[in-house]
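Asks: First, the structure itself, so that you have it in front of you.
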Amino acid sequence: MLMTGKEYLESIRDGRRVYLGGDLVDDVTTHPAFRNAARSFAMIYDRKRAPENRDVMTFEEEGDTYSSYFLLPRTREDLQRRFETHRRIASWTHGLLGRSPDNFPSYVSGLVMDPAMFDDIRPGFGDNMRNYYEHMRKDDIFASHTVTNPQGWRNLAPGEGPKRTPTTLRVVAEDDQGVTINGLKMLGTSSAFCHETWCGNLQPVAPDQAAESITCAVPLNAPGVSIWSRKSYEASATSEFDNPLASRFDENDSAVLFENVKVPWERIFCHNNVEMTRAIYMRTPGHAMANHQANIRFLEKLKLIVGIARKLADLNNVTHIPAVQFTLGQLAAMEATLEGLLMGAINCGEEQVAGFHTVNRRYVYGALHWCTNHHSEICDTVRELMGAGVFQMPADVSVLRDAKLSKTFETYWSVPGQTAKDRMKLFKLAWDLLGSDFAGRHMQYEKFYAGPSFVMNMYSYLTGPWHEWTGSVDDLMASYDVPEQQ
Ligand SMILES: Cc1cc2nc3c(=O)[nH]c(=O)nc-3n(C[C@H](O)[C@H](O)[C@H](O)COP(=O)(O)OP(=O)(O)OC[C@H]3O[C@@H](n4cnc5c(N)ncnc54)[C@H](O)[C@@H]3O)c2cc1C
């Protein structure tokens, strides 16, 4: 079933508990801190089933129609189709919704390729994985993932400081029906808008923390679940004109609290296994497929950033200056580098699990590393092109609604070929992307959404063909020896 946007909005009016500061939000689809972002997600649901997108963005299997981000790739063409599906979703939201409905299905599509691995954790978990994938694609489920722990959760070295307080999500009871979980999970981007969250661990879990290795899926309106939102940038957006991005694309991040929540065995995928709670993502293509989606999303955002860079240079009448062209050329080269890496990931696919053709992990991790390490630098370059423009503009759009002030503004702030209003409009957009509170959150998001930057290095270290590289050094060294005395 492919949900319409309206059905999606209806489906998240489900009694979930979302806290915004001290307020309990009763309906995120109508609340001023959330409603426009909810509509942006609804727009994705509508557009992916629209006639002009349906051929690429949906597929049929045994008479049912599903979103293409659930397609299990077996050929290069399948990878291309998944790429185009992610790309269209990212282009509709300019890459600003990081955890869009196509993100977590990419994890699940990779995980379901190896049910035997789950059965090795505990017999029956393989079926749980298969059934969860079926449920997600059949019901068009939007899921977040909360696979990191609250900061400060680590064990200190023995003898150092007080013992850790057990506030991180863990199993506190177990019976024939399932387990009871209690504690906090981080950081549920989009959770306020999702149907379910997948709890697990991408960080290592210590041997004495087996109860924390629980990996399960939980409806976000289940008894005992509450969603604790950070500050909403949508709520503080002055208007669409002043904050064109924060007002529409604030996907929200929240801590998700589980207070004695019952989880049935059917929705449990790992339990009491500190190694596998983390390994499931890397031993299947799940982690690479989800981060490939994230890279495609980044590419669409980069196109917006580069487009704004050029528009700012034109606005400031500096595009003809060679030094500015040099800067724009550098940005264009960076965009091409990333696009090339993503093409490589689908053109040089691999068979990590027999029978499936999945993205090239080295190129996915190379691109992820590149994005994490270059986003701030790129934004800084474009801010330099912006100059002081945004601060030369009036405080907000109300000046344009006042006939007298608006006339004065046009007289003194316009430049040949550009109205003052158009200048203000572009500067406000650029600031929302690069300088506002919303932009600041994006800076942190790009640095951390896939884990801290040192972890990005590890992904590339672990997937590098070191034998091939050291082998060529060995071959070279074997080709000569101590020369005989002449
Ligand atoms: C906006 C945003 C959205 C996010 N969305 C999600 C989401 O949807 N789902 C999800 O599960 N997670 C999400 N995350 C969480 C993200 O995965 C974590 O922020 C990330 O794993 C870093 O963990 P931490 O924030 O606990 O930082 P910490 O682990 O506390 O690290 C703090 C600092 O210490 C450094 N540090 C820590 N350990 C080491 C080490 N061994 N070596 C070197 N340096 C070290 C880190 O590099 C970092 O600079 C999101 C984060 C942000 C900022």
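The values are calculated or read from the model by the stated rules, or taken from the named source; none is laboratory data. These numbers come from a predicted model, not from an experiment. Neighbour counts are summed over all protein chains in view; Cβ atoms, including those assigned to glycine, are modelled from backbone coordinates with ideal geometry.
Asks: Mind checking which residues of the stretch 382-396 are in contact (Cβ under 8 Å) with a residue 40 or more places away in the chain and crowded, with 17+ Cβ neighbours inside 10 Å?
Replies: Result: VAL382, ARG383, LEU385, MET386, GLY389, VAL390.
Asks: Kindly list, by first and then second residue, each pair from a residue in the stretch 175-197 that is within 29 Å of PHE41 (Cβ to Cβ) and among the aromatic types (Phe, Trp, Tyr) to a residue that is at pLDDT 95 or above and not in a loop (DSSP other than H, G, I, E, B), limited to pairs with Cβ atoms under 6 Å and residues at least 6 apart or on different chains.
Replies: PHE193/ALA38; PHE193/PHE41
Asks: Also: Looking only at the stretch 126-147, count every residue that is more than 16 Å from VAL218 (Cβ to Cβ) and either part of a helix (DSSP H, G or I) or within 16 Å of the ligand (Cβ to nearest atom) (or both) and tell me the total.
Replies: Result for the stretch 126-147: 7.
Asks: Additional query: Give the residue, chosen from GLU240, GLU300, GLU266, GLU275, that is in contact (Cβ under 8 Å) with a residue 40 or more places away in the chain and in the same structural domain as PHE70 (by TED's automatic domain parsing).
Replies: Just a single option satisfies the conditions, and that option is GLU266.
Asks: Sort through ALA37, ALA33 and tell me the only one that's touching a residue at least 60 places away in the same chain (Cβ under 8 Å), in a helix (DSSP H, G or I) and in the same structural domain as ASN252 (by TED's automatic domain parsing).
Replies: Step by step, each of ALA37, ALA33 is checked, and only ALA37 is touching a residue at least 60 places away in the same chain (Cβ under 8 Å), in a helix (DSSP H, G or I) and in the same structural domain as ASN252 (by TED's automatic domain parsing).
Asks: Please work out if LYS262 is out of contact with any strand residue (DSSP E or B) (no Cβ under 9 Å at 6 or more places or on another chain), surrounded by fewer than 21 Cβ atoms within 10 Å (Cβ to Cβ) and not acidic (Asp, Glu).
Replies: Criteria not met by LYS262.
Asks: Would a scan of the stretch 414-422 turn up a residue that is in contact with an Asp or Glu (Cβ under 8 Å, 6 or more places away or on another chain) and under 30 Å from LEU187 (Cβ atoms)?
Replies: Within the stretch 414-422, none of the residues are in contact with an Asp or Glu (Cβ under 8 Å, 6 or more places away or on another chain) and under 30 Å from LEU187 (Cβ atoms).
Asks: Still on this model: Within the stretch 456-486, how many residues turn out to be under 15 Å from TYR363 (Cβ atoms) and among the small types (Gly, Ala, Ser)?
Replies: Going through the stretch 456-486 one residue at a time, the tally reaches 2.
Asks: Can you find a residue in the stretch 148-164 that is more than 16 Å from the ligand (Cβ to nearest atom), at pLDDT 95 or above and closer than 28 Å to VAL25 by Cβ?
Replies: Looking for residues that are more than 16 Å from the ligand (Cβ to nearest atom), at pLDDT 95 or above and closer than 28 Å to VAL25 by Cβ, one finds none in the stretch 148-164, hence no.
Asks: Separate question: Across the stretch 74-105, what is the number of residues that are within 15 Å of the ligand (Cβ to nearest atom) and in contact with a His (Cβ under 7 Å, 6 or more places away or on another chain)?
Replies: Final tally of qualifying residues: 2.
Asks: Sticking with this structure for a sec: Which of the residues spanning the stretch 44-72 are surrounded by fewer than 16 Cβ atoms within 10 Å (Cβ to Cβ), closer than 28 Å to LEU245 by Cα and not charged (D, E, K, R)?
Replies: Once the filter is applied, which keeps residues that are surrounded by fewer than 16 Cβ atoms within 10 Å (Cβ to Cβ), closer than 28 Å to LEU245 by Cα and not charged (D, E, K, R), the stretch 44-72 yields ALA50, PRO51.
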